[in-house]
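The values are calculated or read from the model by the stated rules, or taken from the named source; none is laboratory data. Quick caveat: nothing in here was measured; it's all calculated off a predicted structure. We place every Cβ from the backbone using ideal geometry, glycine too, and count neighbours over all the protein chains shown.
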Amino acid sequence: MKWIALALFAAVALLLPFVAGDFYVNLASQIFIAAIFALSLNLLVGFGGMTSLGHASYLGVAAYLSALMTTRYGFGHGAAALISILGTVAMAAFFGLIALRATGLGFLMITLALSQVLWGLAYRMSGITNGDNGIAGLTRPAPFGISLESPAAFYWFSLLAAIIAFVMMTIFVSSAFGSSLKGVRDQPRRMAALGFNPWMIRWITFVYAGFWGGIAGLLYVYYNKYIHPTSLSTTSSAEALLGVIAGGSGTLAGPAVGATLVLLLKNYASAYVERWNMLLGLVFLFIVLVMPTGIVPGLQKLASRLWRRPS
Amino acid sequence: MQFWIIQGLNSLSLGGLLFLLSSGFSLIFGLMRLANLTHGAFFMLGTYFGAIALRDYSGLNLWVTAIGAGIIVAALGGLFERLVLTRLKTNPLGQVLVTLGMAFIISDACLVLWGGDSIPVPTPHNLQAPTRLFGFVFPTYRLVLVAIAIATAIGLYILIDRTRLGAMIRAGVDDRQMARAVGIPVSRLFTIVFCLGAGIAGAAGVLGGPILSAYPGLDADMLPLALIVVILGGIGSLFGAFIGSFIIGFIYTFGTVLFPELAYIILFLPMIFVIAFRPQGLFGRLGT
């Protein structure tokens with residue numbers, strides 16, 4: 001069953017650019033980016049038990065760094081990408097030092113406060129970030145001389161990135177280190193008694209999640225060729241968190257499914273109504289109240305309840 | 001000298017406003033172990049109610065409007081607590097997420113109802129004339145705001161420390177299970193405290209109106225300030241929220257004046273400092 005699903009996914013993914021129009025190819029690229037982002041957040045939320053409401057920081061900062069390096073400081077794309085990722089990882093390492101002084105709700109509040117500070121900076125430091133106007137006129141890189149300007153080329157690029165990200169994160173959580181991470185999530189004291197260092201395990205995971213958040217940010221800025229402070233906003237963090245929880249946190253593929261649904265909903269809804277934030281809020285209420293364990297388990301539960309009722 | 005005194009007063013009034021905002025947040029967190037992310041939205045809702053009421057009905061004054069907005073926001077908060085939060089008693093993460101969802105809904109609803117332009121809240125007529133004190137000129141309204149914050153702090157202190165209701169709330173904060181076992185209706189206390197916190201935030205929104213005015217995104221500006229105040233002062237501690245508010249009031253005001261582009265970074269330096277050396281906050285008793 002699993003293999004059939006995988007083969008089906010592979011077939012669709014490979015054939016899509018040949019059969020679908022540009023709109024759908026672009027949509028698929030966006031889905032891959034959102035999926036990488038949600039998967040990286042899931043390392044914290046699902047496997048580490050650390051609910052972060054500031055994950056947009058890594059996406060936004062990597063995107064801003066790349067935009068600033070290429071436009072303002074005249075770096076090439078390769079160097080700019082390297083600097084952005086290094087900068088984002090360094091920031092994650094620093095934020096981890098602060099946020100991991102607390103756990104649970106304290107952790108959530110600190111990550112939220114830190115990301116709001118960055119959002120405020122992006123708005124206020126208009127001398128550097130252009131404030132509310134954002135930074136426009138960006139270009140996509142051309143790795144090995146292959147231009148990524150066409151939708152299909154960018155599709156292959158982001159598909160490749162998503163596959164690498166998925167494999168790398170799967171290896172991360174299925175490794176011995178991943179087991180110790182789940183141990184720290186469930187029984188931190190017992191793990192400490194066994195000689196593990198829960199803080200260090202959480203911190204490494206935090207930095208690793210920041211790294212993949214940064215990769216998602218690079219792809220995001222390459223795709224949009226534009227960056228605005230909203231990508232650092234709580235809404236942006238909340239969308240990713242909704243994807244993780246809707247898909248089922250702590251599962252491997254769930255967040256990718258959840259992120260896909262959130263993105264489709266956002267694209268579909270914004271064609272009809274302007275009120276994305278309100279819809280996002282309502283979906284949050286709905287998911288938490290009706291399907292707190294995620295859509296797939298939630299639907300199963302709902303179905304079994306409906307089956308049982310007639311008897 | 002003039003500069004320092006005037007900015008010092010601005011810091012005090014911002015600190016007072018921050019206390020009105022964060023005291024409710026801190027109360028709710030202390031009793032319910034709930035990070036109420038709707039708090040900034042409650043504040044903004046209050047500001048909009050005030051701005052609209054004072055614009056459309058000329059007979060109202062600011063104080064009546066503040067009390068009225070406080071009551072309306074408290075009622076909305078109570079409904080939200082009864083209808084949604086109580087269903088999620090066993091799911092603390094879910095509670096935080098619905099308060100976030102609610103914050104999105106409220107802020108977007110304000111945008112739909114009242115548009116994207118900022119709406120000013122007029123300063124009361126009898127407070128528009130500046131006050132002269134020791135040869136310096138002060139905006140009277142800001143002085144009154146500080147007085148209101150101090151009065152609220154004293155009022156809350158008396159409520160929490162000297163009344164039967166306060167004793168029950170303190171019992172609930174210290175040991176919820178035990179409080180239930182001796183017959184304290186903890187879940188009704190939750191509703192009361194949530195209404196109280198939301199109501200103070202709503203009234204604070206109106207009182208802050210003459211300084212801030214109502215604009216979209218006010219909630220997103222205020223929520224991090226409240227978070228930083230309570231993280232600094234100690235989550236769940238009223239005294240911590242009081243001290244934290246004035247510290248942040250000073251840092252934010254002087255930061256904005258002296259280093260306008262870096263105000264946000266300066267703002268979170270004390271937070272980092274406190275978290276590094278005292279993760280429970282300056283006056284916090286609860287582990288986070």
Flag if residue A:189 is surrounded by 21 or more Cβ atoms within 10 Å (Cβ to Cβ) and either touching a residue at least 60 places away in the same chain (Cβ under 8 Å) or in a helix (DSSP H, G or I) (or both): no
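Residues in the range B:136-150: is at least one of a type in the set (D, E, K, R) and touching a residue at least 12 places away in the same chain (Cβ under 8 Å)?
Taking the range B:136-150 as the starting set, the residues that turn out to be of a type in the set (D, E, K, R) are B:142.
From the residues that got through so far, the ones that are touching a residue at least 12 places away in the same chain (Cβ under 8 Å) too are B:142.
Yes, the range B:136-150 contains a residue that is of a type in the set (D, E, K, R) and touching a residue at least 12 places away in the same chain (Cβ under 8 Å).
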For residue B:132, which of the numbered conditions (1) touching a Pro at 6+ places or on another chain (Cβ under 6 Å); (2) in a strand (DSSP E or B) fails to hold? (1)
Residue that is under 22 Å from residue B:193 (Cα atoms), of a type in the set (Ser, Thr, Tyr) and outside any helix (DSSP H, G or I), where the choices are B:99, B:90, B:86: B:90
Looking only at helices (runs of 4 or more DSSP H) that fall completely inside the range B:196-288, which ones have 2 or more residues that are within 13 Å of another protein chain (Cβ to nearest Cβ), under 17 Å from the mean Cα position of the chain (by Cα) and buried (at least 24 other Cβ atoms within 10 Å of the Cβ)? B:218-233, B:238-258
Here are some residues: A:199, A:156, A:203, A:119. Which one is surrounded by 20 or more Cβ atoms within 10 Å (Cβ to Cβ) and either in contact (Cβ under 8 Å) with a residue 40 or more places away in the chain or within 14 Å of chain B (Cβ to nearest Cβ) (or both)? A:119
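Here's the yes/no breakdown for (1) within 14 Å of another protein chain (Cβ to nearest Cβ); (2) modelled with pLDDT of 85 or more; (3) buried (at least 16 other Cβ atoms within 10 Å of the Cβ); (4) assigned to a helix (DSSP H, G or I):
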{"position": "A:243", "(1), (2), (3), (4)": "yes, yes, yes, yes"}
{"position": "A:256", "(1), (2), (3), (4)": "no, yes, yes, yes"}
{"position": "A:277", "(1), (2), (3), (4)": "yes, no, yes, yes"}
{"position": "A:282", "(1), (2), (3), (4)": "yes, yes, yes, yes"}
{"position": "A:287", "(1), (2), (3), (4)": "yes, no, yes, yes"}
{"position": "A:300", "(1), (2), (3), (4)": "no, no, no, yes"}
{"position": "A:307", "(1), (2), (3), (4)": "no, no, no, yes"}
Somewhere in the range B:30-37, is a residue free of Cβ contacts under 8 Å to residues at least 24 places away in the same chain and not basic (Lys, Arg)? no
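Is it true that residue B:67 is touching a helix residue (DSSP H, G or I) at 6+ places or on another chain (Cβ under 8 Å), surrounded by fewer than 24 Cβ atoms within 10 Å (Cβ to Cβ) and either within 23 Å of residue B:245 (Cα to Cα) or among the basic types (Lys, Arg) (or both)? Don't jump to the end; show me each part of the working.
On the way: touching a helix residue (DSSP H, G or I) at 6+ places or on another chain (Cβ under 8 Å): yes; surrounded by fewer than 24 Cβ atoms within 10 Å (Cβ to Cβ): yes; either within 23 Å of residue B:245 (Cα to Cα) or among the basic types (Lys, Arg) (or both): yes.
It is true that residue B:67 is touching a helix residue (DSSP H, G or I) at 6+ places or on another chain (Cβ under 8 Å), surrounded by fewer than 24 Cβ atoms within 10 Å (Cβ to Cβ) and either within 23 Å of residue B:245 (Cα to Cα) or among the basic types (Lys, Arg) (or both).
Could you say which residue among B:73, B:121 is part of a helix (DSSP H, G or I) and among the aliphatic types (A, V, I, L, M)?
Values: B:121 fails: part of a helix (DSSP H, G or I).
Just a single option satisfies the conditions, and that option is B:73.
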From the options B:83, B:62, B:54, B:27, residue that is within 14 Å of chain A (Cβ to nearest Cβ) and hydrophobic (A, V, I, L, M, F, W, C): B:83
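Taking the stated definitions as given, is residue A:70 polar (S, T, N, Q) and surrounded by 20 or more Cβ atoms within 10 Å (Cβ to Cβ)?
On the way: polar (S, T, N, Q): yes; surrounded by 20 or more Cβ atoms within 10 Å (Cβ to Cβ): yes.
For residue A:70, the condition - polar (S, T, N, Q) and surrounded by 20 or more Cβ atoms within 10 Å (Cβ to Cβ) - is met.
When you go through B:142, B:164 one by one, which is the residue that is basic (Lys, Arg) and either under 18 Å from the mean Cα position of the chain (by Cα) or within 14 Å of chain A (Cβ to nearest Cβ) (or both)?
Details: B:164 fails: either under 18 Å from the mean Cα position of the chain (by Cα) or within 14 Å of chain A (Cβ to nearest Cβ) (or both).
Of the residues listed, the single one that is basic (Lys, Arg) and either under 18 Å from the mean Cα position of the chain (by Cα) or within 14 Å of chain A (Cβ to nearest Cβ) (or both) is B:142.
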Residues located in the range B:84-127, provided they are in contact with a Lys or Arg (Cβ under 9 Å, 6 or more places away or on another chain) and exposed (fewer than 14 other Cβ atoms within 10 Å of the Cβ): B:112
